[in-house]
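Working notes, beginning with the structure itself.
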Amino acid sequence: MDDKILGMINKSCKDKTNIKLTVGTLDADDNKEIRVFDQSGEVQNENYIYEIGSITKTFTCSLFAKYIYEQKMSLDDPVSKYVDGLDDGKYYPTLKRLATHTAGYARIHIYEEKPYLTLCHQRHTSTKGHDMGLGWIISKSNNHVLWHNGGTGAFRSYVAIDKQKKVASVALANYLVTMDEIGSSILEHMQTKRSNCN
């Protein structure tokens, strides 16, 4: 690595107490280099764990490409070929459209009472503050409201659904700020608006 790259790494780590920045290289001859830095400079590589977020899509698509190469799947196959129980006659994107983020879904079908959605939306366990479905947090004050939040790095997100009133909210940020208050306020606004219409 040249001085310019090391300068950028050191600048990124400067004054950040808990930072660990790992860089790696691999060349055509299978030569590998992994280097770890913190605010004091280069440190010993101790196999730190990182969230890689959307990079996992590249691994999924690599496996997908392997099956295409082995002629076990086709880019033009619809999703319905591999997922049992989907309604006949409805639009299901091709695997290519899923893999290239061009599936064309206008909305998530959150109101369909499919057995798998019902299973996700049921209480499976409870904590002091919330009930838990499969992948969803269920409001104790209104068990028709399901929500979840997330974040990777400096990104934050929030999604909520009121199954009874059939409204949903999403809040996303590319900065280290919580989206919970904004997302839940939007949902409350939509719930009130829906109640006023009835």
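Kindly indicate whether Lys128 is of a type in the set (Lys, Arg), within 24 Å of Ser184 (Cβ to Cβ) and modelled with pLDDT under 85. For Lys128, the condition - of a type in the set (Lys, Arg), within 24 Å of Ser184 (Cβ to Cβ) and modelled with pLDDT under 85 - is met.
Each residue in region 1-34 was checked for being surrounded by 10 or more Cβ atoms within 10 Å (Cβ to Cβ) and modelled with pLDDT under 75, and 6 of them qualify. Summed over region 149-180, the residues that are surrounded by 15 or more Cβ atoms within 10 Å (Cβ to Cβ), over 20 Å from Thr192 (Cβ atoms) and at pLDDT 80 or above give a count of 1. Looking only at residues in region 104-125 that are polar (S, T, N, Q) and modelled with pLDDT of 75 or more, the one that is surrounded by the fewest Cβ atoms within 10 Å (Cβ to Cβ) is Thr125. A count restricted to region 35-59 and to residues that are of a type in the set (Val, Ile, Thr), at pLDDT 80 or above and within 28 Å of the chain's Cα centre (by Cα) stands at 1. Scanning region 181-192 for residues that are exposed (fewer than 13 other Cβ atoms within 10 Å of the Cβ) and either farther than 16 Å from Lys165 by Cβ or at pLDDT below 75 (or both) yields one hit, Glu181.
The values are calculated or read from the model by the stated rules, or taken from the named source; none is laboratory data. Keep in mind the model is a prediction, meaning the values are calculated, not measured. FYI the Cβ positions are ideal-geometry reconstructions off the backbone, even for glycines, and counts take in every protein chain you see.
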